[in-house]
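A.B. asks: Questions regarding the structure given below will be posed in turn.
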Amino acid sequence: MTKLPVNCLFDKTITGCGGTELALTNGKHTIIAMPFVNLVDNKVNQEHHRDKALGVFQGVTNNEIEEYINSHKLWKIATTYDSLPRVVETIKSMGIDAYNEIFLLVDE
């Protein structure tokens with residue numbers, strides 16, 4: 001697989017790939033919601049995602065989110081479930097239609 005399907009659940013053992021990795025490498029603005037800070041930190045600090053993806057959790061400011069969006073052509077934001085509403089509100093405050101312009105992947 002090279003594209004994530006939309007509006008569905010899929011079993012990565014059958015597809016042979018992980019949805020998070022596809023979400024981080026696709027050509028769409030993407031937010032990936034994850035349950036734990038460790039998962040977010042692990043993904044955004046992998047060598048091939050470092051400096052391309054932003055991890056958002058407690059302690060990351062709205063200003064840092066805005067700076068990331070303004071400095072990157074393609075947005076890859078990994079966030080905890082708890083920080084997802086803040087990420088969306090920050091994006092909306094920038095005049096961006098977060099619900100129509102950004103792909104959302106909810107990771108387990």
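A.B. asks: If a residue counts only when it is buried (at least 18 other Cβ atoms within 10 Å of the Cβ), of a type in the set (A, V, I, L, M, F, W, C) and at pLDDT 95 or above, which helices (runs of 4 or more DSSP H) contained entirely in region 35-100 have at least 3 such residues?
C.D. replies: 84-93
A.B. asks: Going through region 8-20 one residue at a time, which ones are under 27 Å from Glu89 (Cβ atoms) and modelled with pLDDT of 60 or more?
C.D. replies: Once the filter is applied, which keeps residues that are under 27 Å from Glu89 (Cβ atoms) and modelled with pLDDT of 60 or more, region 8-20 yields Gly19, Thr20.
A.B. asks: Still on this structure, I have one more. Quick check on this structure: which one of Lys73, Lys28 is in contact (Cβ under 8 Å) with a residue 60 or more places away in the chain, out of contact with any Gly (no Cβ under 6 Å at 6 or more places or on another chain) and of a type in the set (Lys, Arg)?
C.D. replies: Lys28
The values are calculated or read from the model by the stated rules, or taken from the named source; none is laboratory data. Predicted model, so just to flag it, every value in this text is computed and none were measured. We place every Cβ from the backbone using ideal geometry, glycine too, and count neighbours over all the protein chains shown.
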